[in-house]
Amino acid sequence: MWLLGYQYDSEGVIEKQDKYLKRMSGFTRLYAAILVSSPPPGCGQISPFGRERAWQWLSRLLNLEPQPDITATMLFDFLEVCGFALIETYNKQFFKLLEVLIHGYFPKIEAVTPKGSGGPVMRLKSYLQQTREQFIRFLQLVSTRLGLLVGFHTTDQQGGKRNFLQEFNRCSFPTSSWTL
């Protein structure tokens, strides 16, 4: 438990789960904010962190085995603070990572979550669903305004073009209760 960041009091009693999650949530939000913030204009320095570190942190987290509650909490907090910056910077790549999260990693999070403690998991699920819906609305707006999806095409294995919006709409979330 010590390796996961739990604190012990002077009598050796481990901190309660809710206190631990709030503390880790605060650390995650602070770290995410530092990663996406820019130095003040005119200071002449480049940030030692940056959005590329946020991308690295997120992709590395998705390579770890999820832990009950804490993984969902950290993912939700991290994405809520710097998700927009990652969308702005990485665009389609972020949504590909989001699909990996939804289809590959989220089921693992659900599998390790004990019955009755799904609060962090439900918050993450809701965030992922809302983010996906907003991206689809954005793509529909672009296609309506421009009459085509500029830059939103993929190439299939046979070399043919496929519409990214159609592909994205075909993707489904791992739980049948997620309807879009």
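The values are calculated or read from the model by the stated rules, or taken from the named source; none is laboratory data. All figures in this text were calculated on a predicted structure; none of them were measured in a lab. Here Cβ is always computed from backbone atoms with ideal geometry, including for glycine, and neighbour counts include all displayed protein chains.
Observations on the structure shown:
- Residues satisfying the stated conditions in region 42-52, i.e. surrounded by fewer than 17 Cβ atoms within 10 Å (Cβ to Cβ) and either within 14 Å of the chain's Cα centre (by Cα) or in a helix (DSSP H, G or I) (or both): Glu52
For every residue, the table says whether it meets (1) surrounded by fewer than 13 Cβ atoms within 10 Å (Cβ to Cβ); (2) touching a Pro at 6+ places or on another chain (Cβ under 6 Å); (3) at pLDDT 90 or above; (4) of a type in the set (D, E, K, R).
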{"position": "Gln17", "(1), (2), (3), (4)": "no, no, no, no"}
{"position": "Tyr20", "(1), (2), (3), (4)": "no, no, no, no"}
{"position": "Ser25", "(1), (2), (3), (4)": "no, no, yes, no"}
{"position": "Arg29", "(1), (2), (3), (4)": "no, no, yes, yes"}
{"position": "Ser37", "(1), (2), (3), (4)": "no, no, no, no"}
{"position": "Pro40", "(1), (2), (3), (4)": "yes, no, no, no"}
{"position": "Ala54", "(1), (2), (3), (4)": "no, no, yes, no"}
{"position": "Trp57", "(1), (2), (3), (4)": "no, no, yes, no"}
{"position": "Glu65", "(1), (2), (3), (4)": "yes, no, yes, yes"}
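- Condition broken by Ile102, with the remaining ones in (1) of a type outside the set (S, T, N, Q); (2) closer than 17 Å to Gln130 by Cβ; (3) touching a residue at least 60 places away in the same chain (Cβ under 8 Å); (4) surrounded by fewer than 16 Cβ atoms within 10 Å (Cβ to Cβ) satisfied: (4)
- Boolean, Arg29 is under 23 Å from Gly118 (Cα atoms) and out of contact with any Leu (no Cβ under 8 Å at 6 or more places or on another chain): yes
- Residues that are part of a helix (DSSP H, G or I) and either at pLDDT 75 or above or of a type in the set (Phe, Trp, Tyr) (or both) occur at least once in region 150-164.
- Near pairs, Cβ below 7 angstrom, 6+ apart or cross-chain, from region 23-45 (within 17 Å of Trp55 (Cα to Cα)) to any residue that is assigned to a loop (DSSP other than H, G, I, E, B) and not small (Gly, Ala, Ser): Ile34/Phe49; Leu35/Phe49
- Flag if Pro66 is free of Cβ contacts under 8 Å to residues at least 12 places away in the same chain and outside any helix (DSSP H, G or I): no
- When region 16-39 is filtered for residues that are among the polar types (S, T, N, Q) and more than 15 Å from Leu58 (Cβ to Cβ), the ones remaining, listed by number, are Gln17, Ser25, Ser37, Ser38.
- Test: Thr73 is under 30 Å from Arg137 (Cα atoms), among the polar types (S, T, N, Q) and buried (at least 19 other Cβ atoms within 10 Å of the Cβ): yes
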